[in-house]
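Novice: Got a structure here, written out as structure tokens. Questions coming.
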Number of protein chains: 2
Amino acid sequence: MPAPFKADPAFDAGSVVACDWPLCQVRLQDDARFPWLILIPRRDGLHELEDLAAGERTALMEEIVRAGEAVRVLGEAAGRPVQKLNVGALGNVTAQLHVHVVGRRHDDGLWPDPVWGRGAARAYGANGLQAAVSRIRLKTGPAPAK
Amino acid sequence: MPAPFKADPAFDAGSVVACDWPLCQVRLQDDARFPWLILIPRRDGLHELEDLAAGERTALMEEIVRAGEAVRVLGEAAGRPVQKLNVGALGNVTAQLHVHVVGRRHDDGLWPDPVWGRGAARAYGANGLQAAVSRIRLKTGPAPAK
């Protein structure tokens, strides 16, 4: 029996779990500057896209698109509709395979640079964070089972 | 009949066409700091992953993995094996849908930051560029038809 999935504890420093999708744990980055989700395929020992089976990669691609829809919902809710999605699988800091899906605007303060490694996060605050998580769940599915 | 595919001329400033795969034009970024390919799906009017049909997205994911293999070949040839792949679909500067696949090393000078928008490219020079393109074609397929 495979080891149960566990997200690297490093993700806890900057993000919270919003829900589980068929393949990925979906996390909301706690940074109100950008609507920003992180998808972590729920299998242990993954570092590169090639570590997934082809069918899982297809599932990941579809969850990336779904995350883009959720990010757009968050942007609308904040009165700042997303103008461009940025998708990145880097893993230079935290090696466990994960994909960032970030909503960008021309006036977002970092445009056109990437968001990774730039500037300090602006936390949502507890109420804002919970509201954003609720919007993601409404759009995409319930909270993960404990 | 659909308009013939055309890569945004902005790509010509920093990269050359290496080959065509079933979905994408494959370009080599002319930056010897990193083995770096750019995949451009060969359909007009694309900006986001969601603009592709689901089957095309699956094909794109597989070509991303294939590009990663080619990037590893380039890294080996340069005596600098790739330690981590970075994959990004941003489009903040050039809006036409494209995916970067970049080979990274802990000693590459920008690690762990992303490569986009950082530092000046170091051109291969004509011979180095042609050698790298040849390696990509050997690994993955012939030059595109004219």
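The values are calculated or read from the model by the stated rules, or taken from the named source; none is laboratory data. Keep in mind that this is a model prediction, so the values were computed, not measured. As a convention, Cβ positions derive from the backbone with ideal geometry for all residues, glycine included, and neighbour counts pool all protein chains shown. In case anyone asks, the SASA skips ligands and DNA or RNA and just uses the protein heavy atoms, side chains included. Shrake-Rupley method; radii C 1.70, N 1.55, O 1.52, S 1.80 Å.
Novice: Could you list, in sequence order, the residues of region A:100-132 that are among the small types (Gly, Ala, Ser) and facing another protein chain (nearest Cβ under 9 Å)?
Specialist: Keep residues of region A:100-132 that are among the small types (Gly, Ala, Ser), which gives A:103, A:109, A:117, A:119-121, A:123, A:125-126, A:128, A:131-132.
A:Gly117, the sole residue that qualifies.
Novice: So which pairs qualify, if the first residue must be in region A:2-31 and in contact (Cβ under 8 Å) with a residue 12 or more places away in the chain and under 19 Å from A:Gly119 (Cα atoms), the second must be in a strand (DSSP E or B) and aromatic (Phe, Trp, Tyr), the Cβ gap must be under 6 Å, and the two must be at least 6 apart or on different chains?
Specialist: A:Gln29/A:Trp36
Novice: Take residues that are within 28 Å of B:Glu69 (Cβ to Cβ) and tell me which of the strands (runs of 3 or more DSSP E) falling wholly in region A:2-78 contain 2 or more. Break it down into steps so the answer makes sense when it comes.
Specialist: On the way: elements: A:15-20, A:24-29, A:36-41.
Of the strands (runs of 3 or more DSSP E) lying wholly inside region A:2-78, those with at least 2 residues that are within 28 Å of B:Glu69 (Cβ to Cβ) span A:24-29, A:36-41.
Novice: To continue, here is another question. Please state which of the following conditions B:Val115 fails to meet, knowing it meets all the rest: (1) open to solvent by 10 Å² or more (accessible area, probe 1.4 Å); (2) aliphatic (A, V, I, L, M); (3) within 14 Å of the chain's Cα centre (by Cα).
Specialist: (1)
Novice: Output the residue which, of all residues in region A:89-99 that are more than 9 Å from chain B (Cβ to nearest Cβ) and open to solvent by 20 Å² or more (accessible area, probe 1.4 Å), is farthest from A:Gly14 (Cα to Cα). Even if it seems obvious, please write down each step before you answer.
Specialist: Our first condition is that a residue be more than 9 Å from chain B (Cβ to nearest Cβ); within region A:89-99, this holds for A:94, A:96-98.
Going one step further and asking which of them are open to solvent by 20 Å² or more (accessible area, probe 1.4 Å), we end up with A:94, A:96.
Numbers: A:Thr94: 12, A:Gln96: 15 Å.
Among those that are more than 9 Å from chain B (Cβ to nearest Cβ) and open to solvent by 20 Å² or more (accessible area, probe 1.4 Å), it is A:Gln96.
Novice: Search region A:79-88 for residues being under 30 Å from A:Phe5 (Cβ atoms) and either assigned to a loop (DSSP other than H, G, I, E, B) or of a type in the set (Gly, Ala, Ser) (or both), and hand back the single one that is farthest from the other protein chains (Cβ to nearest Cβ). I'd like the intermediate steps shown before the answer.
Specialist: Just the residues of region A:79-88 that are under 30 Å from A:Phe5 (Cβ atoms), to begin with: A:82, A:85-88.
Now narrow it down to the ones that are either assigned to a loop (DSSP other than H, G, I, E, B) or of a type in the set (Gly, Ala, Ser) (or both): A:82, A:88.
Numbers: A:Val82: 10, A:Gly88: 4 Å.
Step by step, filter region A:79-88, then rank; the result is A:Val82.
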